[in-house]
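Peer 1: This structure is in structure tokens; I'll ask about it shortly.
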Amino acid sequence: MSALSQFFLNPAFFLPGAALVLLPILIHILSRLRYRTVRFAAMEFLLASEELNRRRLILEQLLQLLLRILAVLLFVLLIARLLLDPGRLLMLRGASAHHVVLLDDSLSMRDQEGDQTLFQSALVTLETMLVEGSREGGAARVTILGLSDPQRPIVSDRILDGAFVQEFMPRLRNQPCSWRPALLAESLQAARDILAADGSVAPQVHVLSDFRAVDFNNRPEVLTALEALGTIKAGVDIVRIGREARPNIGIRLLAADTLGAARGVPWRMSATIRNYGSTQAAGLRAVVLVDGVSQPGRMLIPDIEPGMEIVVPHDISFDTEGRHQVEVRLEPDALPEDNRRLLAVDVAERRTVLIVDDEGAQEDAGFVAAALAADPALTGLNATIRTSQTLTAAELQNSDCIYLLNIRELAADVVLLLADYVRGGGGLVWFPGEQASVQWYTDSLRKPGQQLFPIPLGVLQSAAGPTAELLAPEQPPFVTPVFETHPIFAVYNAPDSPFPETVQISRWFQPATDWKLDDTERGDGVRTLMRLRSGDPVAFEHALGRGRILTFLTGAGRRWSNWPAAPAAPGYVVMHLLVHQYLQRPVPDIELRELAEPFELRWPSGEWTDAVEVYLPEAGPGEEPIAETFLRLRALPQEQTAQQTTSDSRPGELLLNLPQARRPGLYRIRRFRPDGAVGDLSVALNVPAVESALALADAAPLTTGTERSHVRVISGDDAMALGGSGAGRELRWVLLGLLAAVLIGEQLISLRLSYHPEVAR
């Protein structure tokens with residue numbers, strides 16, 4: 001049926017109507033069988049005479065039959081509304097023009113020009129093209145795709161006539177502009193696929209766009225798609241909506257080191273603000289809102305040079321616990337939508353640090369806890385001390401980071417829990433004690449996929465020389481460490497800092513003798529952070545999944561160094577606060593997502609059911625109210641990958657795909673554990689930063705060269721009507737004339753073949 005649509009406006013009538021051609025043939029056959037031949041003597045003379053005209057009669061009867069068949073066929077063609085290319089008079093390539101309109105509905109089309117947006121101007125231009133095209137005498141069909149989502153046609157292969165225009169105009173005027181980026185190359189390819197499968201005489205693509213450089217220039221995939229349209233003889237008109245590029249300031253990124261905060265404790269975020277214009281941006285100010293309420297004071301933004309960006313930090317203090325929405329807004333400009341960004345922040349009464357210490361007196365744990373939570377009102381931290389035998393999975397998952405002190409060995413299930421915790425973004429700190437099992441640290445903590453310890457552990461060393469015994473604590477010899485540049489050692493690396501020389505270490509573990517000390521030579525991802533002046537490394541960092549692990553080969557208490565005591569104590573306190581800040585769970589990638597990518601969430605199927613509730617964002621300032629903001633969905637189970645080893649076996653995952661995530665704002669996802677417990681996840685989706693660049697494209701690279709000779713860049717005022725004057729025309733009057741002639745001829749032959757006896761005078 002799609003092939004017939006090239007030749008008929010009503011293709012559904014052709015095949016059933018063509019079957020009626022059999023009717024004259026059937027009538028002819030039945031008429032020949034209607035009479036019985038009865039021979040008698042008086043007729044022999046007449047039959048002999050008739051035999052002389054037999055050949056002529058057969059030819060006349062066949063001509064009559066053909067005329068009747070032709071009459072039926074012409075009638076069917078009239079009903080099906082035949083189209084034909086008058087320039088070729090052939091039906092080899094189809095007969096109608098097919099116009100594919102690519103309507104730019106990306107975020108940049110919200111740019112305000114005069115009293116309407118560029119998208120509204122594009123709709124007016126498209127309406128004019130449709131109305132004028134429907135008034136032309138030729139036949140044409142139209143398909144309309146949005147650049148933000150070409151796989152979901154706005155209009156799919158409709159006849160362009162007055163009825164369609166009248167039906168479509170109300171919908172066109174209410175067509176919304178998206179917040180997504182323009183998928184230009186994908187849309188051009190979709191247009192080519194439609195036209196190539198259609199085979200119309202006059203394929204034409206019209207791109208109604210604001211013609212931004214970020215979409216058209218220096219995009220090889222766009223040039224390839226334009227050239228591919230030329231291979232099917234399709235013309236391409238890029239209709240430029242708007243006349244000039246305007247300056248624009250946008251918030252490219254709103255980020256924080258962590259999305260967790262403590263009540264009453266300053267929480268730092270940073271806004272990356274970019275000047276997309278060609279002149280300096282001065283006097284900018286931004287307002288910060290928490291849950292829609294403006295906060296005291298404004299973000300003061302330095303002047304920004306053209307094409308440059310700056311990062312502006314800002315501290316917020318939350319008065320209440322729970323989940324909060326943080327928003328930064330700039331004053332409106334050419335594109336107001338990119339002047340606001342959101343973050344979701346979880347605020348607790350206190351942030352929890354879990355300290356696991358298996359030493360009897362737990363002296364080391366006390367020093368660490370005192371450093372982290374000496375004043376919870378200022379730090380917002382609560383240090384919880386446990387032994388490894390009392391650990392629970394819930395305690396691990398609810399901790400910002402975990403200290404492991406004086407651990408001899410851990411149960412296998414605890415090791416697996418710790419590995420999952422770190423892979424998910426958690427942080428560990430190791431301070432092995434004198435009771436540590438060297439073989440267990442080396443063998444059990446360094447398995448593929450769960451490498452919780454960075455090095456093979458060697459012998460215990462003392463400043464007085466190698467020993468397996470602890471020296472007497474009275475006045476032991478010390479060695480001064482050297483600190484590498486790292487965030488946790490900021491207090492030691494600050495200019496003129498007095499703290500580096502105050503730290504003295506008396507005991508430490510050495511790496512195994514066959515382990516290479518040079519980080520570059522090893523290439524295993526383990527970074528040395530601190531060395532003794534003797535050259536021995538005593539602190540490392542390595543990653544596992546999305547998490548970080550810090551390892552100190554010395555102790556956290558006074559038996560191994562003077563770190564917790566005066567005069568080194570102030571640096572010790574600051575270092576542990578920086579360790580917490582560095583290790584607390586980083587911002588997940590999903591939290592920094594934009595509308596430019598699919599919204600997918602994954603989580604372990606063993607921990608959660610497949611039932612999910614989704615609360616969509618409310619309408620923003622000046623937007624139309626949203627009718628539907630709540631969804632009940634099912635997450636889909638995903639198969640475990642074949643690459644997962646037995647030692648790193650993980651439970652299957654649940655996948656939630658949310659195609660309804662098509663607008664910026666805060667999306668709240670509610671999950672349910674098998675025991676009925678509820679877990680909420682908030683995700684802030686922001687507009688794509690790529691759409692903030694409003695500079696216009698250069699037309700020359702798009703239209704030069706023989707391979708792109710079919711491409712034009714024109715203004716909206718020069719846009720052509722979507723007519724079919726250059727393609728197929730409906731042959732209504734030609735068919736009517738032929739039908740009349742055939743019917744007259746059939747009647748004349750019928751009259752000739754009928755019997756008319758002469759009346760005696």
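The values are calculated or read from the model by the stated rules, or taken from the named source; none is laboratory data. Given the structure is predicted, the values throughout are model-derived calculations rather than measurements. So basically every Cβ, Gly included, is an ideal-geometry build from the backbone, and we count neighbours across all protein chains shown.
Peer 1: Can you give me the number of residues within the range 371-412 that are in contact (Cβ under 8 Å) with a residue 24 or more places away in the chain, assigned to a loop (DSSP other than H, G, I, E, B) and of a type in the set (Val, Ile, Thr)?
Peer 2: Selection size over the range 371-412: 2.
Peer 1: Still on this model: With the requirement that a residue be part of a loop (DSSP other than H, G, I, E, B) and either out of contact with any strand residue (DSSP E or B) (no Cβ under 7 Å at 6 or more places or on another chain) or outside the structural domain of residue 536 (by TED's automatic domain parsing) (or both), what does the range 498-521 give you?
Peer 2: Within the range 498-521, 498, 499, 514, 515, 516, 518 qualify.
Peer 1: Residue by residue through the range 747-757, note down the ones that are modelled with pLDDT under 75 and either assigned to a helix (DSSP H, G or I) or surrounded by 18 or more Cβ atoms within 10 Å (Cβ to Cβ) (or both).
Peer 2: Going residue by residue through the range 747-757, those that are modelled with pLDDT under 75 are 750-757.
Result: 750, 751, 752, 753.
Peer 1: Among the listed residues 422, 415, 368, 429, which satisfies the condition of being in contact with a Phe, Trp or Tyr (Cβ under 8 Å, 6 or more places away or on another chain), under 19 Å from residue 548 (Cβ atoms) and assigned to a helix (DSSP H, G or I)? Even if it seems obvious, please write down each step before you answer.
Peer 2: Details: 422 fails: in contact with a Phe, Trp or Tyr (Cβ under 8 Å, 6 or more places away or on another chain); 415 fails: in contact with a Phe, Trp or Tyr (Cβ under 8 Å, 6 or more places away or on another chain); 429 fails: assigned to a helix (DSSP H, G or I).
Only one candidate passes the filter, namely 368.
Peer 1: While we're on this one: Just to check your reading of the model, which residue among 124, 101 is of a type in the set (A, V, I, L, M), modelled with pLDDT of 90 or more, surrounded by fewer than 16 Cβ atoms within 10 Å (Cβ to Cβ) and assigned by TED's automatic domain parsing to the domain that holds residue 174?
Peer 2: Working: 101 fails: surrounded by fewer than 16 Cβ atoms within 10 Å (Cβ to Cβ).
Among 124, 101, only 124 is of a type in the set (A, V, I, L, M), modelled with pLDDT of 90 or more, surrounded by fewer than 16 Cβ atoms within 10 Å (Cβ to Cβ) and assigned by TED's automatic domain parsing to the domain that holds residue 174.
Peer 1: What residue, among those in the range 520-575 that are without any contact (Cβ under 8 Å) to a residue 60 or more places away in the chain, surrounded by fewer than 18 Cβ atoms within 10 Å (Cβ to Cβ) and in contact with a Lys or Arg (Cβ under 7 Å, 6 or more places away or on another chain), is nearest to residue 378 (Cα to Cα)?
Peer 2: Ranking the candidates gives 565 first.
Peer 1: Find all pairs meeting these conditions: Cβ atoms under 7 angstrom apart; at least six residues apart or on different chains; first residue within the range 227-250 and under 21 Å from residue 707 (Cα atoms) and outside the structural domain of residue 707 (by TED's automatic domain parsing); second residue of a type in the set (Ser, Thr, Tyr) and part of a helix (DSSP H, G or I).
Peer 2: That search, which allows pairs on different chains as well, returns nothing.
Peer 1: Where in the range 311-361 are there strands (runs of 3 or more DSSP E), lying fully within it, with 1 or more residues that are over 30 Å from residue 557 (Cβ atoms)? Working first, answer last.
Peer 2: Values: elements: 322-330, 340-348, 351-357.
Here the list reads 322-330, 340-348.
Peer 1: Moving to a separate point now. Any idea which residue in the range 494-549 is nearest to residue 565 (Cα to Cα), counting only those that are in contact with a Leu (Cβ under 8 Å, 6 or more places away or on another chain) and aliphatic (A, V, I, L, M)?
Peer 2: The qualifying residue nearest to residue 565 (Cα to Cα) is 505.
Peer 1: Let me ask something else about it. Go through the range 62-98 and report how many residues are modelled with pLDDT of 80 or more and at positive phi.
Peer 2: Total meeting the criteria: 0.
Peer 1: Considering 279, 272, which residue is among the hydroxyl-bearing types (Ser, Thr, Tyr), free of Cβ contacts under 8 Å to residues at least 60 places away in the same chain and surrounded by fewer than 13 Cβ atoms within 10 Å (Cβ to Cβ)?
Peer 2: Values: 272 fails: surrounded by fewer than 13 Cβ atoms within 10 Å (Cβ to Cβ).
So the residue among 279, 272 that is among the hydroxyl-bearing types (Ser, Thr, Tyr), free of Cβ contacts under 8 Å to residues at least 60 places away in the same chain and surrounded by fewer than 13 Cβ atoms within 10 Å (Cβ to Cβ) is 279.
Peer 1: Give the range 657-677 a look and list any residue that's surrounded by 14 or more Cβ atoms within 10 Å (Cβ to Cβ) and either at pLDDT 90 or above or in contact with a Pro (Cβ under 9 Å, 6 or more places away or on another chain) (or both), or say none. Full working, then the answer.
Peer 2: So in the range 657-677, the residues surrounded by 14 or more Cβ atoms within 10 Å (Cβ to Cβ) come out as 658, 660-672.
Passing the criteria: 658, 661, 663, 664, 665, 666, 667, 668, 669, 670, 671, 672.
Conditions tested, residue by residue: (1) over 21 Å from residue 128 (Cβ atoms); (2) crowded, with 17+ Cβ neighbours inside 10 Å.
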| position | (1), (2) |
| --- | --- |
| 169 | no, no |
| 172 | no, yes |
| 176 | no, no |
| 195 | yes, yes |
| 206 | no, yes |
| 210 | no, yes |
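Peer 1: Still on this structure, please answer the following. Please go through the range 318-341 and pick out each residue that is over 24 Å from the mean Cα position of the chain (by Cα), surrounded by 15 or more Cβ atoms within 10 Å (Cβ to Cβ) and not charged (D, E, K, R).
Peer 2: The answer is 318, 324, 330, 334.
Peer 1: Tell me whether the range 144-151 contains one or more residues that are in contact (Cβ under 8 Å) with a residue 24 or more places away in the chain, farther than 27 Å from residue 217 by Cβ and either outside the structural domain of residue 597 (by TED's automatic domain parsing) or of a type in the set (S, T, N, Q) (or both).
Peer 2: If we filter the range 144-151 for residues that are in contact (Cβ under 8 Å) with a residue 24 or more places away in the chain, which is where we start, we get 144-151.
With farther than 27 Å from residue 217 by Cβ added as a condition, the list becomes none.
The answer is no; no qualifying residue exists.
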